[in-house]
Amino acid sequence: MTTVSEATGLTDPHGAPGPLLASGTWSDVFILDGERLLRRNRHRDVSAREVELLQLVSDAGFPAPTPFSVDGPDLVLERLHGPTLLQSLAAGETRLSVGAQMLADLHHRLHAVTPPADAEPGQVVLHLDLHPANVILTETYGPALIDWTGAALGHPDLDLAVTAVVLAEVAVDDEIEYARGARALLQAFLSECGGDPVAHLDDAVRSRLSNRVLDQDERALLPAAADLVRQVVHA
């Protein structure tokens, strides 16, 4: 894989390579051109594991952005065009039942990808942050999955449990306008996804707590979110 400077022609590795598309707590995303983005981490280099697993699933035909180059904190990725599933759901352009099926289908397709040679028996590639804001509705791939910073190997039901907890976090937050819709989406997702996410809820909560993007208010919602997932499954 080439370096970012070779891929972009940048002479100043710390300069802005193009228009800023998005800015988060830990990274910024710049537009390089119509086909490529650059994600620049602020505090750490790009994880070799992230790039390895993203390359693996992309090569296997899973709908995810192809990684083109990496250099320290900089990762050049394929640019995917389209609204997020979250935007489409909020606009009423995608029904909740269809959105739930998309989430479940992405899980099933991802977990069917042959894992790398160092995977232990029963382990698959996990995204560990698969939710509507990380799904892009593209014309090229259909629903595609972005933001692979937390990708790892593990039991597929853990991935399902993390998605359920993320949806439940919104559903139990009375301050959010879409709480009722999130609960309906959670119910539909759990009816579609199969597996046994409840068995991995504690690990899913720990995974969410390790997410440095969450603020204290969001962390405080996690016990209630986990309880809601259990209630929905056992209803």
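The values are calculated or read from the model by the stated rules, or taken from the named source; none is laboratory data. What you see is a predicted model, and the numbers here were worked out from it, not measured in a lab. Here the Cβ is made from the backbone with ideal geometry for all residues, glycine too, and neighbour counts use every protein chain on show. Note: areas computed on protein heavy atoms with side chains; ligands, DNA, RNA excluded. Shrake-Rupley method; radii C 1.70, N 1.55, O 1.52, S 1.80 Å.
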Which FRET efficiency value, to the nearest 0.05, do you get for E52 and Q87 by plugging their Cβ-Cβ distance into 1/(1 + (r/R0)^6) with R0 = 35 Å? 0.70
Probe of 1.4 angstrom, ligands and nucleic acids ignored: what's the accessible area per residue over the range 1-142, in square angstrom? 49 Å²
Over all distinct alpha-carbon pairs, what is the Kirkwood Rh of the range 151-200 in angstrom? 11.3 Å
Cα gyration tensor category, rounded, prolate or oblate, for the range 17-151 with a/c compared to 1.5: oblate
Value at 222 nm in deg cm²/dmol, rounded to 500, when DSSP H runs of n ≥ 4 in the chain each add -39,500 (n - 2.57): -12500 deg cm²/dmol
To the nearest 0.05, what FRET efficiency results for D174 and D28 with a Förster distance of 45 Å applied to their C-beta separation? 0.90
Out of the total accessible area of the chain (probe 1.4 Å, heavy atoms of protein only), what percent is carbon and sulfur? 51 percent
Relative contact order, percent, the chain [alpha-carbon distance under 8 Å, six or more residues apart]: 16 percent
I'd like to compare 145-158, 216-229: which one has the highest average count of other Cβ atoms within 10 Å, and what's the full order after that? 145-158, 216-229
Once each part is reduced to its C-alpha centroid, what is the distance from the range 166-235 to the range 39-61 in angstrom? 26 Å
Please give the contour-minus-distance gain from A224 to N211: 0.36 nm per residue of separation, less the Cα-Cα distance, rounded to one decimal in nm. 2.9 nm
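Apply the a/c threshold of 1.5 to the C-alpha gyration tensor of the chain and tell me whether it is rounded, prolate or oblate.
Verdict is prolate for the chain.
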In a Gaussian network model over the chain where Cα atoms closer than 10 Å are linked, find which of V98, V172, V198 has the largest mean-square fluctuation. V98
May I ask you to list the residues of the range 107-122 whose amide nitrogen lies under 12 Å from a point 7 Å from Cα along the Cα→beta-carbon direction of D203? 120-122
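Taking 41 Å as R0, compute the FRET efficiency from the Cβ-Cβ separation of R95 and R42 and round it to 0.05.
Using R0 = 41 Å, I get an efficiency of 0.65.
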